[in-house]
Amino acid sequence: MIFSRITGTGGYLPDRVLTNKDLETMIDTTEQWIESRTGIRERRIAADDEFTVDLAERSALKAVEAAAIEPRAIDLIVVATTTADQVFPSTACLLQQRLGGEGYPAFDVQAVCAGFLFALGVADKFVRTGAARCALVVGAETFSRIIDWTDRRTCVLFGDGAGAVILQAGDRPGVMSTHLHSDGRYKDLLYVPVGVSRNFSKVRAGTAYTTMEGGEVFRWAVTAMSDIIDETVQANGLGKDDIDWLIPHQANIRIINAVGARAKIDPDKVVVTVSRHGNTSAASVPLALDQAVRDGRVQAGHRVLLEGFGGGFAWGSALITM
Ligand code: COA
């Protein structure tokens, strides 16, 4: 049997730091309010001439280096993003050109903050079926571009960044299982109300902004992300004590703590990076994974449960042996 294994991780955050103190000068808020309600201290903002593919490329090159492969070994690129550089070509095609590859499939997936899990789920199936042997899976966002920086209910939450993994074929897992869900009935709780086909003039005017029912999203995120932990361990015939690390979507420390409490996961096993970069949407889970690999918490042989939740609603998980 063929399985896919993560053999390298990478992450990238833009240089510009926007602190809670900075936000005090922009909107009616306080450092204390933001940190106590969200756990976020600062977020990164891409430079005006820095685009999603730039962030994706930086994180991808770090993952390539960590996996000790050449970019030409890659035979599949899946990029999860909500903030593509262009309507088309896909950000994955732009990234393929940067990495000097050609011919193999490269495409984007769109599942907002759950995007990396969806991209990983798709890439894992390519590898398991023999359709790819060395996949690059990226979550990359310039979410700051779809935020209304005068709306204090949303702008304090989000930031820019990218994370990537190399997924290679092997004879043992690796990716043990992936679990993906969507429910479009909740499309009006977290959304950007414009696109190419609808209200495109707002895109042109630069007023395509994220809109959210914060309290409702909070409740759903906690329920979905704690239930999917049970689904994932049960599908593998495991108990929660068999999980070495939980790496949840990094949106809000209170959501992360509530998920851990509801799912009865030891807080010492939960990777938290949200204070440094806020909610980076599809980049959040691979950024946190990369951080935990590089600081030595996640080690070879550890079982890691990744999970994400976002607009759609869409949510997903993956159980991985590193
Ligand atoms: N600074 C100061 N006050 C703020 C504020 C800010 N940045 N944002 C909102 N407030 C105010 C509200 O206007 C409200 O004032 P009011 O009572 O006078 O109306 C008060 O703070 C409380 O607002 P509330 O929405 O009840 O706060 P909360 O504790 O629920 O926290 C969120 C708000 C947005 C932090 C929280 O709902 C949340 O994290 N939701 C999930 C968001 C998310 O993660 N989305 C992405 C998921 S992928």
Checklist outcome for this item: Restricted to the stretch 221-250 and to residues being within 15 Å of the ligand (Cβ to nearest atom) and out of contact with any helix residue (DSSP H, G or I) (no Cβ under 7 Å at 6 or more places or on another chain), the residue most open to solvent (accessible area, probe 1.4 Å) is Thr223
Checklist entry - Quick one: which helices (runs of 4 or more DSSP H) sit completely within the stretch 80-186 and have at least 3 residues that are out of contact with any Phe, Trp or Tyr (no Cβ under 7 Å at 6 or more places or on another chain) and open to solvent by 40 Å² or more (accessible area, probe 1.4 Å)? => result 91-98, 115-128
Item to check | Single match in Ala263, Ala292 (criterion: more than 16 Å from the ligand (Cβ to nearest atom), aliphatic (A, V, I, L, M) and under 16 Å from Asp241 (Cβ atoms)) | outcome: Ala263
Checklist outcome for this item: Within the stretch 302-319, restricting to residues that are outside any loop (DSSP other than H, G, I, E, B) and within 12 Å of the ligand (Cβ to nearest atom), the one that is surrounded by the fewest Cβ atoms within 10 Å (Cβ to Cβ) is Ala314
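Please enumerate the residues belonging to the stretch 258-289 that are of a type in the set (Ser, Thr, Tyr) and open to solvent by less than 10 Å² (accessible area, probe 1.4 Å). If you could, list the steps in order and put the result at the bottom.
First, pick out the residues of the stretch 258-289 that are of a type in the set (Ser, Thr, Tyr): 273, 275, 280-281, 284.
Within the stretch 258-289, Thr273, Thr280, Ser281, Ser284 meet the criteria.
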Checklist outcome for this item: Only one of Ala221, Ala205 is hydrophobic (A, V, I, L, M, F, W, C) and at pLDDT below 95, namely Ala205
Checklist entry - So which of Ile45, Ile69 ends up being at pLDDT 95 or above and crowded, with 20+ Cβ neighbours inside 10 Å? => result Ile45
Checklist entry - Looking only at the stretch 9-28, which residues are out of contact with any Cys (no Cβ under 9 Å at 6 or more places or on another chain), part of a loop (DSSP other than H, G, I, E, B) and either near the ligand (Cβ under 9 Å from one of its atoms) or open to solvent by 10 Å² or more (accessible area, probe 1.4 Å) (or both)? => result Leu13, Asp15, Thr25, Asp28
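Report yes if Ile2 is open to solvent by less than 40 Å² (accessible area, probe 1.4 Å), at pLDDT 95 or above and either closer than 22 Å to Gly130 by Cα or within 16 Å of the ligand (Cβ to nearest atom) (or both), otherwise no.
Numbers: open to solvent by less than 40 Å² (accessible area, probe 1.4 Å): no; at pLDDT 95 or above: yes; either closer than 22 Å to Gly130 by Cα or within 16 Å of the ligand (Cβ to nearest atom) (or both): yes.
Judged against the criteria, Ile2 is not a match.
The values are calculated or read from the model by the stated rules, or taken from the named source; none is laboratory data. Small disclaimer: the values here were computed from a predicted structure and weren't measured. Cβ sites come from the backbone with ideal geometry, for glycine too, and all protein chains shown count toward neighbours. Just the protein is used for accessible areas: all its heavy atoms, side chains included, with ligands, DNA and RNA removed. Shrake-Rupley method; radii C 1.70, N 1.55, O 1.52, S 1.80 Å.
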